Every structure is written in C-alpha cells, then in structure tokens.
Amino acid sequence: MIDDSRFIRCHTCEAVNYDNIEEELLCRRCKCQIHQPLYISYHKTWAYLITAIILYIPANLYPILITKKFGIEKASTILGGIIHLWEAGSYPIALIILVASVFVPLLKFIFILYLLISTKYNLHSSKVDKHKLFYITEAIGPWSMIDVFVVIILSVLIHFSGVQIFPGVGATAFALMVFFTMLSALSFDTKLIKKEDI
Amino acid sequence: MLTDKELDNFIICKKCNTLHKKIPLHQGGKALCSKCNTFIYKRDNNMLEKSLALVVTALISLSVAFTFTIITININGLSKSLSLLSLFDVLLEHHQYIVGIMFLFLTVLFPFMMLSSMFFVLFFIKIEKYGYAIKRLLILLSHIQHWNMLDIFFISLLVAMVKLFDYAKIEFGVSFLALLLTLILELMVTKNINFDTLWQKYNNIYGEDNDR
C-alpha cells in the first residue's frame, strides 16, 4: 500500500508527483511550478481576499445600474434592484440575482476565510471535506459575474435618446471584486490543507 | 522511489484529493473516484479525432456568434440590437473601461483562445510535430480554463431577456443560436477531452527531450 500523503497533483497537467513539503516544487511532466514556498501562497491568498472584501463594500453601496428617463436619473444598487424585482413579481429572477450576486460572494469569502484560518490554527476537521470545500469555492466563483453582464446587456439594449440605462460605479467595483475573489481562490494552495503548521 | 512511467499509472481525484491507481478499462468505460464518486477518466480510443471535430465546429459557430446580431428588441417601434460591436460601442460611450476590458477578456478573448489552442494542440499531436508548441499551449489551456465565462454571459442574456419581456418585443438573431450551439459544443469538448492522456501522448512523442 502506498502512502497517499507523499504524492501531489500538478494543477497544470494533472500528473502525480512526489511531494516535498519545504521547498518549491516543479512538476516532472510540464515543468510548471506546483507550489511556491507555502507562506507566500498563504499571504497571497489573504491579500487577494482582503482586497475583494474591501471592494465588496463599494460594490453594494454604489449604484450598479443608473436609469435615465427623459433627463431624470434614478440609481439602483444591487439590493435595491433585487427588492424592486421581487415587488414587481419576477421572483425567479430576483432569486437568481440574489443567489449569484449576494450569496455567492459572501459564501466564497466565508469558505476561503474558513480554509485559511482552519489550516493556520489546525482545526480538527476532515481534510477530505476541506478539499471538497475548496473545489466548490473554485466552481462557484465566476457565477457572480451574472449581475455585471446583465447590466452591460441592458445598457446596450436600452440606449435610446429618451431612456437610457448605464452601468454605475458599483458595476466596476463588483467586477473587480469577483476578479479578486477568483484570484484568491486560485492562489490558495491545497498543500496548506495537508500541512499542519506554517 | 517510483519512476515517471510508474507515476503515470496513478491519478489523484481533483475533488477530494484521493490517490488512485489507474485500471485498464474497456472502450467507453468510465472510472469514478472510490470516495466521492466524481468522474475521473474514461477510455476512449477516438478521443483525439472526436475532440478535433467538435473543436473545429465550436470555433466556426463561435466566430458566427461574435459576428452577427444576438437579439433585437422592439419597444413601440424603436428597435435596438445587441451584437458584440454595439456592445463595445456603448461601453466606450459610457466610459466603462474597466468593465469593458474585463468583458473583452472573459467572454471574447478567453473562449476564443481556449478553443483555438485546443485545436492547435489536438492538431499538432495528431500530426506529431511542433512539440514545444504543444507543451506551451497545454500549459496556457490549463491557466485560461478558469476564466472562460461564455456560459455565464449566456445565462445573463436570458436573465436580461426575462427582465425586458414585459416592455419589449424580442427577436432572436443568428448569433443567439450560434452562441447556444457553441456552448453545447464546448460542454461536449470539455467532457470528451482528457488532458492527462494528451500530456502522456506528448511525453510518448517527446519523452526524452522535454526539458526545453
């Protein structure tokens, strides 16, 4: 029987490699870096995560969508838009937007925070579960972009001389927020799960 | 210590990180993870040819999707159409540069790069030439795969359409169907293609001198 913990999977080419904990490691097949020294990956993940959390604030406070009707501007934030949709009776869409642009980013923050803290302080939980959690975090990442794309599409279609819709500051902040959470998830090293202390 | 050849007989589940030893399968057979039941690999002798055909079709329909109108709306006689060109026009007009650049990369450049580099990888492996390019492209592919957001763009399109449904008459353009077709083909390609096998094929052809 071969010991599982001595092997690591290369993210780039999926090859099975011998693991060595301390140093940086190059894949035997694609010669790509499998992991940097662990503390770099750990701090990088924190840095991206904090950037994303900071950007989450303007993304929710500033209007994501501005409607201009015959010269009168009306701004709406993400939550305002969802409430408006709910009141108008389009429940499915309100739910989609609520899940994609409020819950998914929050869930990602919580997951990455949990992974970082639990690996740092060596909380006793299943490693397989942590790997699954990381996999889910990576998979749900891009879906929060829905809201930004919807705003872009609406701003193209509703572009008449009398009525116009255009993206506000919130859209930029939101797009950047998604970008940084994805970077944060990508820079998290699954090796951190395996290794007990940094 | 095991040699590289022996290490190639192992595979690690991408979801739960369990080490498995590969077992020989019959044609068309699938291997699932013993712990979490995730699909790991399958045996398909025609993987290369099948993927190549799908990728070429996907590339053609992608270029159609990017050229023509996606949808046209009609509000009381005023009509507006959505195509890639009009999209960037409007974004530039509103000075949304950051969002515009992100959109350009996520839904135009990355899907196109992904499909075209898949095409070149499969083609070069098929004719067994240009080993260096195969390696570079395979590495590139694994990096840009996370950033392809064409499917999310399509879902957003549907959401936007439902929002506009009450006020406007919506007509579908050619690109809408092409976009749908591209997504289906892309899904089929990603299900069909196996990067582990591609890397092994690359190693078999250029096994000795791959240190460049």
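Please report, in debye to the nearest 20, how large the charge dipole of region A:38-194 is about its Cα centre when each Lys and Arg carries +1 at its beta carbon and each Asp and Glu carries -1 there. Intermediate results must be reported in sequence, preceding the final value.
On the way: 11 positive and 6 negative charges, 86 e Å.
In total the dipole reaches around 420 debye.
Under 16 Å Cα to Cα from B:K169, which lysines show up? Leave out anything in the same chain fewer than 8 places away.
Cross-link targets: B:K80.
Within 10 Å of each Cβ in peptide B:160-170, how many partner chain Cβ atoms are there on average? Round it to a whole number, please.
Other-chain Cβ atoms within 10 Å of each residue's Cβ, averaged: 4.
What number comes out for accessible area per residue over the protein assembly as shown if the probe is 1.4 Å? Units Å², please.
I get 49 Å² per residue for the protein assembly as shown.
Work out which GluC sites (Glu not before Pro) in chain B are exposed loop sites (DSSP not H, G, I, E or B, at most 13 other Cβ within 10 Å) and give the longest gap free of them.
Within chain B, the longest run free of exposed GluC sites (Glu not before Pro) spans B:1-127.
Once amide H atoms are built 1.01 Å from N in the peptide plane, which residues 5 or more positions from B:I40, or in another chain, come under 5 Å H to H?
B:A31, B:L32, B:C33
Name the residue, out of A:V156, A:V102, A:V169, whose mean-square fluctuation peaks in a Gaussian network model built on chain A with Cα pairs under 10 Å.
Comparing A:V156, A:V102, A:V169 in a Gaussian network model of chain A, the most mobile one is A:V156.
Average partner chain C-beta neighbours within 10 Å, per residue of B:192-205?
2
Can you grab the distance from the C-alpha centre of region A:70-87 to the C-alpha centre of region A:98-136, Å, no decimals?
Distance between centres, Cα-based: 32 Å.
Using the charge dipole of chain B (Lys, Arg: +1 at Cβ; Asp, Glu: -1 at Cβ; taken about the Cα centre), state which of B:G173, B:L32, B:I73 has its Cα farthest towards the positive end.
Selected residue: B:L32.
For a 28 Å ceiling on Cα separation, which of these pairs sit above it: B:K5/B:K126; A:K191/B:K21; A:K130/B:K201; B:K22/B:K126; B:K35/B:K126?
Long pairs (Cα-Cα over 28 Å): A:K130/B:K201; B:K35/B:K126.
Among B:N148, B:N74, B:N192, which one shows the highest mean-square fluctuation when chain B is modelled as a Gaussian network with alpha-carbon springs under 10 Å?
Judging by the Gaussian network model, the answer is B:N74.
Mind checking how much accessible area B and A bury in total, 1.4 Å probe, in Å² rounded to 100?
Numbers: alone 13760 and 11810 Å², together 19950 Å².
Buried area (both sides, nearest 100 Å²): 5600 Å².
Rounded if a/c is under 1.5, else prolate if a/b is larger than b/c, else oblate: which is region B:65-126, with a ≥ b ≥ c the root eigenvalues of its Cα gyration tensor?
It comes out oblate by the Cα gyration axes.
Starting from the Cα of B:K191, draw a straight line to each of the lysines and keep only those under 18 Å, dropping any in the same chain fewer than 8 residues away.
Partners found: B:K14, B:K15, B:K30, B:K42, B:K50.
Assuming R0 = 25 Å, can you tell me the calculated FRET efficiency for the pair A:L113 and A:Y91, based on Cβ-Cβ distance, to the nearest 0.05?
FRET efficiency, A:L113 to A:Y91: 0.20.
Could you identify which residue out of B:L52, B:L19, B:L137 has the top mean-square fluctuation in a GNM of chain B using Cα springs shorter than 10 Å?
Looking only at B:L52, B:L19, B:L137, the biggest GNM fluctuation is shown by B:L19.
Of all accessible surface on the protein assembly as shown at a 1.4 Å probe, what whole percent is carbon and sulfur?
64 percent
What is the average number of partner chain Cβ atoms found within 10 Å of a Cβ in B:88-96?
Mean partner shielding for this stretch: 5.
Once you put a point 7 Å from the Cα of A:Y121 and another 7 Å from the Cα of B:K5, both along the Cβ direction, what distance in nm separates them?
Simple spin-label model gives 5.1 nm for this pair.
The values are calculated or read from the model by the stated rules, or taken from the named source; none is laboratory data. What you see is a predicted model, and the numbers here were worked out from it, not measured in a lab. With ideal geometry, Cβ positions are generated from the backbone for all residues, glycine too; neighbour counts draw on all protein chains shown. For accessibility, only protein heavy atoms count, side chains too; no ligands or nucleic acids. Shrake-Rupley method; radii C 1.70, N 1.55, O 1.52, S 1.80 Å.
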